[in-house]
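Asker: The following block contains the structure, expressed as structure tokens.
What follows is calculated from the coordinates using simple rules that are stated; it is not laboratory data. Since we're looking at a predicted model, the values are computed, not measured. Cβ placement follows ideal geometry from the backbone for every residue including glycine, while neighbour counts extend to all protein chains displayed.
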Amino acid sequence: LRMSEHIRVENLAPGVVGITLDRPDRKNAITLAMYRGIIDALRAGDADREVRVMLLSGAGGNFTSGNDIADFQKPQLEFPSPGIQFLQVLSTLRKPIVAAVEGHAIGIGTTMLLHCDMVYAAATARFRLPFVNLALSPEGASTYLLPKVAGYKKAAQLLMLGDEFDAETAVDAGIATAVAPGGQALAAATECARALAAKAPRALQLTKMLLRRGDAEAVASTILVEIDHFSRCRTSDEAREAFAAFFEKRAPDFSRTS
Ligand code: COA
């Protein structure tokens, strides 16, 4: 098992493995090494007979600020990128996955939730799909799954405007299961994971497979179509400007890019 210093993997309850994004000084922004660490933990958990449920969360009061933007500025050396490999693994797990969202869930921090079975969001959680604002196109099959669960108009609003939205909106949009009091998302998610871990594992896994079967092909192919566009966007002048603007703490200026 490859270990990443910013990924914590631990037993939270009998049959429940917690995978925690743990890079609080960067609001748990996910690096390439962290994606590799999560992929390993998810694969190991899915294969381990002792593990029945996996639980994703973030340390220090945030879920994640999304992909590390500094990594977006570097040349891509691996195809598909570890981020996309992570989404491919997450979307094809046999075992149920529960997520606990406190604070920020941005970009892939929101799109990954579409692949989780149960999502508990703190009342104080804030979600954002800022792809277009970063001159990027969306990933993670969000352009397929979000209109499906939220309706086209809601999906267009969230993906085109990229404004922040709250936990109640996330539930209404089909991104989250339920709202927990602030600071209680992990407790609510752990309680749910415990309940799932006590159930007959084969029936539970079959239910997950059957629930997702009809969409599996569309999800897999959408991830690939999206990433083709995303990869080209990532190295565009607009995106370079947007990434630089983020680190310079200013608004991007798209007026001079074509
Ligand atoms: N990639 C790289 N660094 C990030 C990051 C990311 N996704 N998110 C936050 N950071 C860094 C900040 O640059 C800052 O670094 P600094 O201390 O050297 O200035 C540090 O983490 C703390 O973030 P900061 O912006 O100061 O905290 P905040 O509470 O004011 O705002 C966020 C938190 C998450 C709202 C804000 O950081 C943000 O918008 N991040 C980018 C989200 C994003 O667009 N992700 C990409 C999605 S595709």
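Asker: Taking 7 Å along the Cα-to-C-beta vector as the label spot, tell me the Gln85-Arg240 distance in nanometres, rounded to one decimal.
Answerer: Distance between the two pseudo-spin positions: 2.8 nm.
Asker: What spacing in nm lies between the two simple spin-label points modelled at Val132 and Ala156, each 7 Å away from Cα in the Cβ direction?
Answerer: In this crude label model, Val132 to Ala156 measures out at 0.9 nm.
Asker: Sketch the reach of a paramagnetic label on Glu164 as a point 7 Å from Cα along Cα-to-Cβ, and name the residues of the stretch 22-36 whose backbone nitrogen lies under 19 Å away.
Answerer: From the stretch 22-36, the list is 24-30.
Asker: Here's something else I'd like to know. Name the residues whose placed amide hydrogens come within less than 5 Å of the amide hydrogen of Gly107, ignoring near sequence neighbours (fewer than 5 apart) on the same chain.
Answerer: For Gly107, whose amide H was placed from the backbone, the distant partners under 5 Å are Arg128, Leu129.
Asker: Moving on to the next point. In terms of the Cα gyration tensor, with a ≥ b ≥ c the square roots of its eigenvalues, is the stretch 69-120 rounded because a/c is under 1.5, prolate because a/b exceeds b/c, or oblate?
Answerer: oblate
Asker: What's the angle, to the nearest 10 degrees (0 to 90), between helix 201-234's Cα axis and the longest principal axis of the chain?
Answerer: 10
Asker: Under the classification rounded if a/c is under 1.5, otherwise prolate if a/b is larger than b/c and oblate if not, where does the stretch 1-59 fall, given a ≥ b ≥ c as square roots of the Cα gyration tensor eigenvalues?
Answerer: It comes out oblate by the Cα gyration axes.
Asker: Ala99's amide H: which non-local residues (gap 5+, or another chain) put their own amide H closer than 5 Å, with H modeled 1.01 Å from N in plane and none for Pro or chain starts?
Answerer: Sorted by chain and number, the residues that satisfy this are Leu56, Met118, Val119, Tyr120.
Asker: Sort 53-62, 207-216, 81-90, 106-115 by packing, meaning the average of other beta carbons within 10 Å per residue, with the highest value first.
Answerer: 106-115, 53-62, 81-90, 207-216
Asker: For the stretch 84-138 and the stretch 181-200, write down the distance between their C-alpha centroids in whole Å.
Answerer: 18
Asker: Okay, next question. Could you tell me how many degrees, from 0 to 90 and to the nearest 10, lie between the Cα long axis of helix 32-47 and the main elongation axis, the longest principal axis, of the Cα atoms of the chain?
Answerer: 20
Asker: Restricting the count to DSSP beta bridges whose residues both fall in the stretch 45-179, what percent are antiparallel, rounded to a multiple of 5?
Answerer: 15
Asker: Can you list residues whose amide H is under 5 Å from Gly18's amide H, if they're 5+ apart or on another chain and H is modeled 1.01 Å from N?
Answerer: Amide H neighbours of Gly18: Glu10, Asn11, Leu12, Leu55.
Asker: Say the dipole of the chain comes from +1 at the beta carbon of Lys and Arg and -1 at that of Asp and Glu; which of Leu159, Thr169, Ala195 then lies farthest toward its positive end?
Answerer: My answer, from the dipole projection, is Ala195.
Asker: Quick one: putting +1 on the C-beta of Lys and Arg, -1 on the C-beta of Asp and Glu, what dipole do you get for the chain around its Cα centre, in Debye to the nearest 20?
Answerer: Magnitude of the dipole: close to 560 debye.
Asker: Placing unit charges on C-beta atoms (Lys and Arg positive, Asp and Glu negative, everything else neutral), compute the dipole magnitude of the stretch 1-107 about its Cα centre in debye, rounded to 20.
Answerer: With Lys and Arg at +1 and Asp and Glu at -1, about 180 debye.
Asker: How much mean residue ellipticity at 222 nm does the chain get from its helices, if each DSSP H run of length 4 or more adds -39500 (n - 2.57) and you divide by all residues, to the nearest 500 deg cm²/dmol?
Answerer: -13000 deg cm²/dmol
Asker: Give, in nm to one decimal, the length gained when the segment between Ala187 and Ala200 is fully stretched (0.36 nm per residue of separation minus the Cα-Cα distance).
Answerer: The Ala187-Ala200 span can extend by a further 2.4 nm.
Asker: Take the residue pairs Lys74/Lys95; Lys74/Lys208; Lys95/Lys148; Lys27/Lys153 and return only those whose Cα atoms are more than 32 Å apart.
Answerer: Lys74/Lys95; Lys74/Lys208
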